[in-house]
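S.K.: Got a structure here, written out as structure tokens. Questions coming.
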Amino acid sequence: MDRNVIGFLKSFFCSPVEEGGFGWSNSDFAFVTSFFTAFYAGVTIIAGWVIDKIGTKLGLALSLIIWSVFGVLNAFAGKTVALHVAIRSLFGVGEAGNFPASIKTVAEWFPKKERALATGIFNSGSNMGAMISALFVPWCMVYFGSELGWKMAFILTGSAGFIWLIFWFIFYGTPKAMLAKGKVSKEEFDYIHSDDIVTSNGTEAKEKVSWFRLFSYRQTWSFFFGKFMTDGIWWFLLFWLPDYLKKQFDMTTQEVMWPTFIVFGIAIIGSVFGGSLPMMLINRGMETYKARMTAMLMIAILPLVLLSTQYFGNVDHFGSWASVLAVAVICIGGAAHQAWSANLFTTVSDMFPKKAVASVTGIGAMAGGIGGVLVQLLAGGLTDFYVETPKTAYLIMFAVCSVAYLIAWVIMKTFVPKYRPITDL
């Protein structure tokens, strides 16, 4: 929710000052989202290393506090682009710990064959947040009025994080801690650890991992490029989908609510089903890594449908059905991304011992953030360059989105053609 608010406020920020807006250009908006993405990317690599040292419970809590504080402070940034850039960047610093801690949590609590499904389930929470934002932010703008509404959107979503924090401290603990408290049976504990990667001396080592050493492994670079090539596609949907719907189909802020709600809702299905797909292949006897990569190849083909987005979105050809058809195509692309993401994250815990999972995830998230920055700048530059014909800008953007996953899969397969777990850390 925190992350998506700004995407639904773009039309307000970019509307002329005389109409009550901020008078930003598309590139101004792209700078704000790009700096957020860049800081998120740069700090994630450090956050992963920190979380591997201090543990998931404290690491994710600290991240959440920073994230929520600056989410609220965004409401007090005024109209100045530079101030929004500064606060949104610090907001990105807080968000940086989210996925490293989440993926490490899954690695701590699930055996390999269940991790993609578990990741798909928790990752669907980001889609649920996007769905709520799609309804909540426009409601804020209408209920409170535009002058106060954009501020309340930031304040209320940012404050919600502190409520979550209460439940995190009450309920979360590592399997070892829960075993000691009698909340996990010995049988379940053994099942969770049944396929752990062990070191060359036959044990799961306890010492910390050299962060720089991780870059010497091809497995790290496989994950790095998988994230670099595809994360930006999701950032594009989060931040630019409302703008696309308004410019392509002349939708109002209220009319944009339900199409975006549906896109992110369908993405939940993709996240969960994509996470379950390799488990079905594993249950049929396929080796874990082969099942993972086979599922990811199948998923990577689906975004090619995005090439047809602007064809189906042609109002002259399809009339009132054009928006329905275009949104349907985007739903497939969004669901495919979430299915891909659930499996991509799990490749880390497939190949690295648990003590290194957050660090490697942080490295990959950094790469994804770099890709996200480039995609944001490309979207901003294209929509400003084709300001009179925005449909051309979005034609190019959807073409980029469509091929990113197949390219990423080929690069990953080239780096790690066969399953090679890391056992010498």
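S.K.: Given the conditions (1) without any contact (Cβ under 8 Å) to a residue 40 or more places away in the chain; (2) buried (at least 24 other Cβ atoms within 10 Å of the Cβ), which single one is not true for Val324?
M.R.: All conditions pass for Val324, except number (2).
S.K.: Kindly indicate the residue of segment 1-26 that is open to solvent by 30 Å² or more (accessible area, probe 1.4 Å) and assigned to a helix (DSSP H, G or I) and also farthest from Ala153 (Cα to Cα) among those meeting that condition.
M.R.: In this case the residue turns out to be Glu18.
S.K.: Looking at Met286, is it within 26 Å of Ile407 (Cβ to Cβ) and in contact with a Gly (Cβ under 9 Å, 6 or more places away or on another chain)?
M.R.: No; evaluated as a whole, the condition is false for this residue.
S.K.: So Glu114 ticks every box in (1) touching a Phe, Trp or Tyr at 6+ places or on another chain (Cβ under 9 Å); (2) closer than 30 Å to Met280 by Cα but one. Which box is left unticked?
M.R.: (1)
S.K.: May I pose another question? Given the options Ile166, Ile155, name the one that is in contact with a helix residue (DSSP H, G or I) (Cβ under 7 Å, 6 or more places away or on another chain), of a type outside the set (Asp, Glu), farther than 18 Å from Phe99 by Cα and in a helix (DSSP H, G or I).
M.R.: The unique qualifying residue is Ile155.
S.K.: To continue, here is another question. How many residues are of a type in the set (A, V, I, L, M, F, W, C) and either under 13 Å from the mean Cα position of the chain (by Cα) or surrounded by fewer than 24 Cβ atoms within 10 Å (Cβ to Cβ) (or both) if we restrict to segment 342-362?
M.R.: Looking only at that region, the number is 3.
S.K.: Under 8 Å between Cβ atoms, which residue pairs at least 6 apart in sequence (or on different chains) link something in segment 387-400 that is surrounded by fewer than 19 Cβ atoms within 10 Å (Cβ to Cβ) with a partner that is in a loop (DSSP other than H, G, I, E, B)?
M.R.: Final answer for the pair search is Lys391/Gly313; Thr392/Tyr386.
S.K.: For Met286, which of the numbered conditions (1) more than 20 Å from the chain's Cα centre (by Cα); (2) assigned to a helix (DSSP H, G or I) fails to hold?
M.R.: With (1) more than 20 Å from the chain's Cα centre (by Cα); (2) assigned to a helix (DSSP H, G or I) applied to Met286, the lone miss is (2).
S.K.: All but one of (1) open to solvent by less than 10 Å² (accessible area, probe 1.4 Å); (2) small (Gly, Ala, Ser); (3) in a helix (DSSP H, G or I) hold for Ala38, so report the exception by its number.
M.R.: With (1) open to solvent by less than 10 Å² (accessible area, probe 1.4 Å); (2) small (Gly, Ala, Ser); (3) in a helix (DSSP H, G or I) applied to Ala38, the lone miss is (1).
Residue-by-condition table, conditions (1) at pLDDT below 95; (2) over 24 Å from Asp2 (Cβ atoms); (3) open to solvent by 10 Å² or more (accessible area, probe 1.4 Å); (4) touching a Pro at 6+ places or on another chain (Cβ under 9 Å):
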| site | (1), (2), (3), (4) |
| --- | --- |
| Ser216 | yes, yes, yes, no |
| Ser222 | no, yes, no, no |
| Gly226 | no, yes, no, no |
| Asp231 | yes, no, yes, no |
| Trp234 | yes, no, yes, no |
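S.K.: Do we have any residue at all in segment 194-212 that's open to solvent by 60 Å² or more (accessible area, probe 1.4 Å), within 17 Å of Thr346 (Cβ to Cβ) and modelled with pLDDT of 70 or more?
M.R.: Yes, segment 194-212 contains a residue that is open to solvent by 60 Å² or more (accessible area, probe 1.4 Å), within 17 Å of Thr346 (Cβ to Cβ) and modelled with pLDDT of 70 or more.
S.K.: Considering every residue within segment 264-287, establish whether at least one is open to solvent by 50 Å² or more (accessible area, probe 1.4 Å) and in contact with a Phe, Trp or Tyr (Cβ under 7 Å, 6 or more places away or on another chain).
M.R.: So far as segment 264-287 goes, yes, one or more of its residues are open to solvent by 50 Å² or more (accessible area, probe 1.4 Å) and in contact with a Phe, Trp or Tyr (Cβ under 7 Å, 6 or more places away or on another chain).
S.K.: Check Ser185 against each of (1) modelled with pLDDT under 90; (2) of a type in the set (S, T, N, Q); (3) surrounded by fewer than 12 Cβ atoms within 10 Å (Cβ to Cβ) and name the one condition it does not meet.
M.R.: All conditions pass for Ser185, except number (1).
S.K.: Can you confirm whether segment 43-53 contains a residue that is of a type in the set (D, E, K, R), over 20 Å from the mean Cα position of the chain (by Cα) and at pLDDT 90 or above?
M.R.: no
S.K.: Residue pairs, Cβ under 6 Å, 6 or more apart or interchain, first in segment 141-170 and over 11 Å from Ser68 (Cβ atoms) and of a type in the set (Ser, Thr, Tyr), second surrounded by fewer than 13 Cβ atoms within 10 Å (Cβ to Cβ) and modelled with pLDDT under 90. List them.
M.R.: Final answer for the pair search is Ser146/Gly20.
S.K.: Based on what the data block shows, is Ala153 open to solvent by less than 40 Å² (accessible area, probe 1.4 Å), over 30 Å from Val360 (Cβ atoms) and touching a Phe, Trp or Tyr at 6+ places or on another chain (Cβ under 8 Å)?
M.R.: yes
S.K.: Scan (1) in a loop (DSSP other than H, G, I, E, B); (2) of a type outside the set (Val, Ile, Thr); (3) under 14 Å from Asn4 (Cα atoms) for the single condition Ser133 breaks and write down its number.
M.R.: Every listed condition holds for Ser133 apart from (1).
Residue-wise test of (1) free of Cβ contacts under 8 Å to residues at least 40 places away in the same chain; (2) over 23 Å from Val256 (Cβ atoms).
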{"position": "Asn4", "(1), (2)": "no, no"}
{"position": "Ser11", "(1), (2)": "no, no"}
{"position": "Ser15", "(1), (2)": "yes, no"}
{"position": "Phe39", "(1), (2)": "no, yes"}
{"position": "Leu58", "(1), (2)": "yes, yes"}
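The values are calculated or read from the model by the stated rules, or taken from the named source; none is laboratory data. Fair warning: this is a prediction, and the values are worked out from it, not measured in the lab. Glycine gets a Cβ as well: all are built from the backbone with ideal geometry, and neighbour counts include every protein chain shown. Areas reflect the complete protein model, heavy atoms only, side chains present, ligands, DNA and RNA absent. Shrake-Rupley method; radii C 1.70, N 1.55, O 1.52, S 1.80 Å.
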